[in-house]
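Notes to accompany the following structure.
The values are calculated or read from the model by the stated rules, or taken from the named source; none is laboratory data. Small disclaimer: the values here were computed from a predicted structure and weren't measured. When we count neighbours, we look across all protein chains shown, and the Cβ atoms used for this are built from the backbone with ideal geometry, even at glycine. What goes into the accessible areas is simple: the full protein's heavy atoms, side chains included, and nothing from ligands, DNA or RNA. Shrake-Rupley method; radii C 1.70, N 1.55, O 1.52, S 1.80 Å.
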Amino acid sequence: MADLNVLVAGDAAITFAWQLNAPPVPGRTSKLLGPVDPPGRFGGCAPSVALALAGFGHRVALVSWLGDDAYGRAYLEELRAHGVDTGGVMVATGQSSPRALMLYDPSGAATCLHHPSGSSSLQLSPKGRERLERSGWLALTAGPPAMSEALLDSRVSDTRVAWDVKADPNHYPVPLRRRILQEADLLCFNREEIAFLVEALAGGAGGSQEDQLRRLRGASHATLVLTDGPAGCRLIEADQTTAIPAAPIAVEDPTGVGDTFFAAFLSATMGGQSPLLAAQFATRQAADYLHNRERSA
(Lines give C-alpha, C1' and ligand atoms only; values in the text may rest on other atoms or scores of the structure.)
Protein backbone atom coordinates (compact mmCIF):
# COMPACT_ATOMS: atom_id res chain seq x y z
CA MET A 1 0.00 0.00 0.00
CA ALA A 2 1.55 3.32 -1.10
CA ASP A 3 1.65 5.85 1.73
CA LEU A 4 3.19 8.52 -0.53
CA ASN A 5 1.07 9.76 -3.42
CA VAL A 6 4.03 10.69 -5.60
CA LEU A 7 7.80 10.89 -5.75
CA VAL A 8 9.04 13.80 -7.88
CA ALA A 9 12.57 13.59 -9.29
CA GLY A 10 14.85 16.02 -11.12
CA ASP A 11 17.00 19.11 -10.89
CA ALA A 12 16.58 22.10 -8.60
CA ALA A 13 17.83 25.56 -9.57
CA ILE A 14 17.91 29.14 -8.42
CA THR A 15 16.25 30.94 -11.33
CA PHE A 16 16.80 34.46 -12.65
CA ALA A 17 14.47 35.73 -15.39
CA TRP A 18 14.72 38.60 -17.89
CA GLN A 19 12.64 39.84 -20.79
CA LEU A 20 14.48 40.51 -24.08
CA ASN A 21 13.78 43.21 -26.65
CA ALA A 22 14.51 40.71 -29.44
CA PRO A 23 15.22 36.98 -29.77
CA PRO A 24 18.89 36.15 -29.11
CA VAL A 25 20.86 35.67 -32.34
CA PRO A 26 24.59 34.78 -32.49
CA GLY A 27 26.64 37.85 -33.38
CA ARG A 28 23.90 40.33 -32.39
CA THR A 29 23.08 42.11 -29.16
CA SER A 30 19.73 41.74 -27.43
CA LYS A 31 18.84 44.04 -24.56
CA LEU A 32 17.69 42.77 -21.16
CA LEU A 33 14.55 44.54 -19.97
CA GLY A 34 13.24 45.07 -16.46
CA PRO A 35 15.31 45.13 -13.25
CA VAL A 36 19.08 45.14 -13.61
CA ASP A 37 19.37 42.65 -10.76
CA PRO A 38 16.25 40.45 -10.66
CA PRO A 39 15.78 38.38 -7.53
CA GLY A 40 16.71 34.73 -7.58
CA ARG A 41 13.64 32.51 -7.33
CA PHE A 42 13.39 28.97 -6.08
CA GLY A 43 13.13 27.04 -9.33
CA GLY A 44 13.88 23.86 -11.17
CA CYS A 45 11.04 21.67 -12.37
CA ALA A 46 11.20 18.98 -9.69
CA PRO A 47 10.94 21.17 -6.56
CA SER A 48 8.37 23.42 -8.26
CA VAL A 49 6.18 20.41 -9.10
CA ALA A 50 6.67 18.95 -5.60
CA LEU A 51 5.63 22.21 -3.94
CA ALA A 52 2.57 22.54 -6.14
CA LEU A 53 1.49 18.95 -5.46
CA ALA A 54 1.97 19.44 -1.72
CA GLY A 55 -0.16 22.57 -2.01
CA PHE A 56 -2.92 20.45 -3.55
CA GLY A 57 -2.84 18.27 -0.44
CA HIS A 58 -0.79 15.31 -1.65
CA ARG A 59 1.90 13.40 0.23
CA VAL A 60 5.02 14.17 -1.80
CA ALA A 61 8.66 13.11 -1.67
CA LEU A 62 11.46 14.76 -3.66
CA VAL A 63 14.68 13.38 -5.13
CA SER A 64 16.97 16.26 -6.11
CA TRP A 65 20.32 18.02 -5.46
CA LEU A 66 21.18 21.31 -3.73
CA GLY A 67 24.38 22.98 -2.63
CA ASP A 68 24.88 23.99 0.98
CA ASP A 69 24.99 27.70 0.11
CA ALA A 70 22.46 30.20 1.48
CA TYR A 71 20.15 29.61 -1.49
CA GLY A 72 20.24 25.85 -1.02
CA ARG A 73 19.60 25.97 2.71
CA ALA A 74 16.70 28.39 2.24
CA TYR A 75 15.23 26.23 -0.52
CA LEU A 76 15.41 23.12 1.66
CA GLU A 77 13.67 24.98 4.47
CA GLU A 78 10.95 26.16 2.07
CA LEU A 79 10.29 22.61 0.86
CA ARG A 80 10.05 21.22 4.38
CA ALA A 81 7.82 24.07 5.53
CA HIS A 82 5.32 23.11 2.81
CA GLY A 83 5.29 19.45 3.77
CA VAL A 84 7.58 18.00 1.07
CA ASP A 85 9.56 14.96 2.23
CA THR A 86 13.19 15.94 1.49
CA GLY A 87 14.87 12.74 2.67
CA GLY A 88 15.86 11.99 -0.94
CA VAL A 89 17.44 15.43 -1.52
CA MET A 90 21.24 15.38 -1.62
CA VAL A 91 22.89 18.47 -0.09
CA ALA A 92 26.50 18.81 -1.28
CA THR A 93 28.96 20.28 1.20
CA GLY A 94 31.03 23.17 -0.14
CA GLN A 95 29.14 23.51 -3.43
CA SER A 96 26.78 26.13 -4.81
CA SER A 97 23.22 25.33 -5.80
CA PRO A 98 22.51 25.14 -9.55
CA ARG A 99 21.54 28.31 -11.40
CA ALA A 100 19.17 28.88 -14.31
CA LEU A 101 18.80 31.98 -16.47
CA MET A 102 15.45 32.30 -18.28
CA LEU A 103 15.33 34.72 -21.22
CA TYR A 104 11.92 35.54 -22.72
CA ASP A 105 11.74 37.14 -26.16
CA PRO A 106 8.78 39.33 -27.26
CA SER A 107 6.88 36.30 -28.63
CA GLY A 108 6.97 34.63 -25.23
CA ALA A 109 9.44 31.95 -26.34
CA ALA A 110 12.02 31.09 -23.70
CA THR A 111 15.73 30.35 -23.79
CA CYS A 112 17.04 28.56 -20.71
CA LEU A 113 20.71 28.70 -19.71
CA HIS A 114 21.47 26.21 -16.96
CA HIS A 115 24.53 25.70 -14.76
CA PRO A 116 24.12 22.33 -13.05
CA SER A 117 26.86 22.91 -10.45
CA GLY A 118 27.45 19.39 -9.09
CA SER A 119 23.92 18.10 -9.71
CA SER A 120 25.01 15.89 -12.61
CA SER A 121 26.40 13.55 -9.96
CA LEU A 122 22.93 12.99 -8.47
CA GLN A 123 22.12 9.31 -8.07
CA LEU A 124 19.24 7.40 -6.57
CA SER A 125 20.14 7.07 -2.91
CA PRO A 126 18.85 4.32 -0.59
CA LYS A 127 16.52 6.91 0.97
CA GLY A 128 15.20 7.88 -2.45
CA ARG A 129 14.73 4.24 -3.43
CA GLU A 130 12.83 3.53 -0.21
CA ARG A 131 10.50 6.47 -0.88
CA LEU A 132 9.93 5.32 -4.45
CA GLU A 133 8.80 1.91 -3.16
CA ARG A 134 6.17 3.74 -1.08
CA SER A 135 4.87 5.96 -3.90
CA GLY A 136 1.84 5.49 -6.12
CA TRP A 137 3.29 7.71 -8.86
CA LEU A 138 6.74 8.63 -10.14
CA ALA A 139 6.87 12.14 -11.65
CA LEU A 140 9.92 12.59 -13.85
CA THR A 141 11.30 16.05 -14.60
CA ALA A 142 14.64 17.05 -16.13
CA GLY A 143 17.45 15.36 -14.22
CA PRO A 144 20.58 13.25 -14.76
CA PRO A 145 19.75 10.39 -17.14
CA ALA A 146 21.39 7.73 -14.96
CA MET A 147 19.12 8.73 -12.09
CA SER A 148 16.00 8.65 -14.29
CA GLU A 149 16.98 5.17 -15.53
CA ALA A 150 17.54 4.00 -11.94
CA LEU A 151 14.12 5.30 -10.91
CA LEU A 152 12.42 3.48 -13.78
CA ASP A 153 14.37 0.30 -13.00
CA SER A 154 13.50 0.45 -9.29
CA ARG A 155 9.80 1.29 -9.38
CA VAL A 156 7.35 -1.45 -8.56
CA SER A 157 5.02 -2.51 -11.34
CA ASP A 158 1.97 -0.63 -10.05
CA THR A 159 3.82 2.69 -9.61
CA ARG A 160 2.58 4.84 -12.48
CA VAL A 161 4.80 7.28 -14.40
CA ALA A 162 4.16 10.92 -15.34
CA TRP A 163 6.64 12.91 -17.45
CA ASP A 164 6.96 16.69 -17.39
CA VAL A 165 8.80 16.85 -20.72
CA LYS A 166 11.76 19.18 -21.31
CA ALA A 167 13.58 19.19 -24.65
CA ASP A 168 17.05 18.61 -23.22
CA PRO A 169 19.05 15.86 -24.98
CA ASN A 170 21.62 15.84 -22.17
CA HIS A 171 18.95 14.86 -19.65
CA TYR A 172 17.01 12.73 -22.13
CA PRO A 173 19.14 10.87 -24.69
CA VAL A 174 17.11 9.09 -27.36
CA PRO A 175 17.04 5.63 -25.69
CA LEU A 176 15.72 7.15 -22.45
CA ARG A 177 13.09 9.17 -24.33
CA ARG A 178 11.97 6.00 -26.08
CA ARG A 179 11.75 4.11 -22.80
CA ILE A 180 9.69 6.77 -21.04
CA LEU A 181 7.32 7.02 -24.02
CA GLN A 182 6.68 3.30 -23.66
CA GLU A 183 6.28 3.27 -19.87
CA ALA A 184 4.60 6.60 -19.04
CA ASP A 185 0.94 7.02 -18.14
CA LEU A 186 0.93 10.81 -18.54
CA LEU A 187 2.97 13.12 -20.82
CA CYS A 188 2.80 16.93 -20.73
CA PHE A 189 4.71 18.79 -23.44
CA ASN A 190 4.60 21.99 -25.49
CA ARG A 191 4.83 22.60 -29.23
CA GLU A 192 8.61 23.03 -29.18
CA GLU A 193 8.93 19.60 -27.55
CA ILE A 194 6.91 17.59 -30.09
CA ALA A 195 9.83 17.00 -32.48
CA PHE A 196 12.09 16.19 -29.52
CA LEU A 197 9.74 13.36 -28.54
CA VAL A 198 9.23 12.08 -32.09
CA GLU A 199 13.01 11.86 -32.60
CA ALA A 200 12.87 8.81 -30.33
CA LEU A 201 10.47 6.99 -32.66
CA ALA A 202 11.41 4.93 -35.70
CA GLY A 203 11.71 7.21 -38.70
CA GLY A 204 12.81 10.33 -36.82
CA ALA A 205 11.08 13.70 -36.59
CA GLY A 206 9.87 14.29 -40.15
CA GLY A 207 6.41 15.46 -41.21
CA SER A 208 4.11 18.18 -39.94
CA GLN A 209 3.40 18.70 -36.26
CA GLU A 210 -0.03 17.11 -36.69
CA ASP A 211 1.58 14.07 -38.30
CA GLN A 212 4.06 13.94 -35.43
CA LEU A 213 1.25 14.10 -32.86
CA ARG A 214 -0.51 11.19 -34.57
CA ARG A 215 2.70 9.18 -34.42
CA LEU A 216 3.11 9.97 -30.73
CA ARG A 217 -0.48 8.93 -30.07
CA GLY A 218 0.17 5.61 -31.79
CA ALA A 219 3.45 4.98 -29.96
CA SER A 220 2.35 5.57 -26.36
CA HIS A 221 -0.53 4.43 -24.15
CA ALA A 222 -0.12 7.59 -22.04
CA THR A 223 -2.56 10.43 -21.70
CA LEU A 224 -1.03 13.11 -23.98
CA VAL A 225 -1.42 16.78 -23.10
CA LEU A 226 -0.07 19.50 -25.38
CA THR A 227 0.26 22.84 -23.60
CA ASP A 228 -0.15 25.70 -26.04
CA GLY A 229 0.70 28.89 -24.16
CA PRO A 230 -2.04 31.55 -24.23
CA ALA A 231 -4.24 29.23 -26.32
CA GLY A 232 -4.61 26.77 -23.43
CA CYS A 233 -4.01 23.07 -24.02
CA ARG A 234 -5.01 20.12 -26.19
CA LEU A 235 -5.93 16.72 -24.83
CA ILE A 236 -4.90 14.11 -27.40
CA GLU A 237 -6.81 10.86 -27.03
CA ALA A 238 -7.03 7.82 -29.27
CA ASP A 239 -10.27 8.85 -30.97
CA GLN A 240 -10.31 12.63 -30.61
CA THR A 241 -8.41 15.78 -29.75
CA THR A 242 -10.05 18.28 -27.41
CA ALA A 243 -8.96 21.92 -27.10
CA ILE A 244 -9.30 23.54 -23.68
CA PRO A 245 -9.04 27.34 -24.08
CA ALA A 246 -7.35 29.62 -21.57
CA ALA A 247 -8.26 33.17 -20.65
CA PRO A 248 -5.67 35.61 -22.09
CA ILE A 249 -3.27 36.91 -19.41
CA ALA A 250 -0.45 39.36 -20.14
CA VAL A 251 2.60 38.48 -18.04
CA GLU A 252 6.24 39.44 -18.26
CA ASP A 253 7.61 36.37 -16.51
CA PRO A 254 5.72 33.08 -17.03
CA THR A 255 8.50 30.99 -15.43
CA GLY A 256 7.03 27.98 -13.68
CA VAL A 257 3.56 28.01 -15.21
CA GLY A 258 4.20 24.79 -17.15
CA ASP A 259 5.22 23.00 -13.97
CA THR A 260 2.09 24.29 -12.24
CA PHE A 261 -0.04 22.96 -15.10
CA PHE A 262 1.66 19.56 -14.96
CA ALA A 263 1.28 19.33 -11.17
CA ALA A 264 -2.40 20.29 -11.36
CA PHE A 265 -3.13 17.76 -14.12
CA LEU A 266 -1.36 15.03 -12.16
CA SER A 267 -3.14 16.05 -8.96
CA ALA A 268 -6.55 15.75 -10.61
CA THR A 269 -5.56 12.43 -12.18
CA MET A 270 -4.46 11.04 -8.82
CA GLY A 271 -7.80 12.22 -7.46
CA GLY A 272 -9.67 10.07 -9.99
CA GLN A 273 -10.72 12.83 -12.41
CA SER A 274 -11.11 12.10 -16.12
CA PRO A 275 -8.45 13.50 -18.50
CA LEU A 276 -10.87 16.19 -19.68
CA LEU A 277 -11.67 17.38 -16.15
CA ALA A 278 -7.97 17.20 -15.26
CA ALA A 279 -7.11 19.39 -18.26
CA GLN A 280 -9.77 21.94 -17.33
CA PHE A 281 -8.56 22.02 -13.72
CA ALA A 282 -4.92 22.39 -14.78
CA THR A 283 -5.78 25.25 -17.16
CA ARG A 284 -7.55 27.13 -14.36
CA GLN A 285 -4.68 26.55 -11.95
CA ALA A 286 -2.13 27.81 -14.50
CA ALA A 287 -4.20 30.99 -14.97
CA ASP A 288 -4.40 31.48 -11.20
CA TYR A 289 -0.62 31.04 -10.97
CA LEU A 290 -0.05 33.76 -13.58
CA HIS A 291 -2.55 36.12 -11.94
CA ASN A 292 -0.81 35.68 -8.59
CA ARG A 293 2.58 36.24 -10.21
CA GLU A 294 1.42 39.54 -11.71
CA ARG A 295 -0.13 40.74 -8.45
CA SER A 296 3.07 40.03 -6.54
CA ALA A 297 5.37 41.63 -9.16
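Worth a mention:
- By the helix-only formula, in which each DSSP H run with n ≥ 4 contributes -39500 (n - 2.57) and the sum is divided by residues, the chain has a 222 nm mean residue ellipticity of -10500 deg cm²/dmol.
- Solvent-accessible area per residue in segment 171-297 equals 45 Å², computed with a 1.4 angstrom probe and all protein chains kept.
- Per-residue SASA entry for Ser267, accessible area with 1.4 Å probe, Å² rounded to 10: 10 Å²
- Loop sites by DSSP among the GluC sites (Glu not before Pro) of the chain, restricted to those with at most 15 other Cβ atoms within 10 angstrom, leave 1-236 as the longest stretch without any of them.
- Per residue solvent-accessible surface (Å²) - segment 102-146, probe of 1.4 Å: 46 Å²
- Residue-normalised convex hull volume from the C-alpha trace of segment 133-283: 120 Å³ per residue.
- DSSP beta bridges in segment 27-135 [antiparallel fraction, %, rounded to 5]: 50 percent
- For segment 162-249, alpha-carbon Rg and Dmax in angstrom: 12.6, 39
- Proportion of all alpha-carbon pairs of segment 219-297 beyond 15 Å (%): 54 percent
- Fraction of accessible area attributable to carbon and sulfur, the chain (%, probe 1.4 Å): 54 percent
- Distances between placed amide hydrogens fall under 5 Å for Ala13 paired with Gly43, Gly44, all partners being 5 or more residues away or on another chain.
- Taking a ≥ b ≥ c as the square roots of the eigenvalues of the alpha carbon gyration tensor, the chain is rounded, as a/c is under 1.5.
- Relative contact order %, the chain, counting alpha carbon pairs below 8 Å whose residues are six or more apart: 16 percent
- Loop-exposed trypsin sites (Lys or Arg not before Pro) per DSSP, neighbour cap 12 Cβ within 10 angstrom, longest uninterrupted part of the chain: 32-297
- Vicinal HN-Hα couplings computed from phi for segment 88-98 (Karplus, 6.51 cos²θ - 1.76 cosθ + 1.60; Hz; Gly/Pro x): x, 8, 8, 10, 8, 5, x, 10, 7, 5, x
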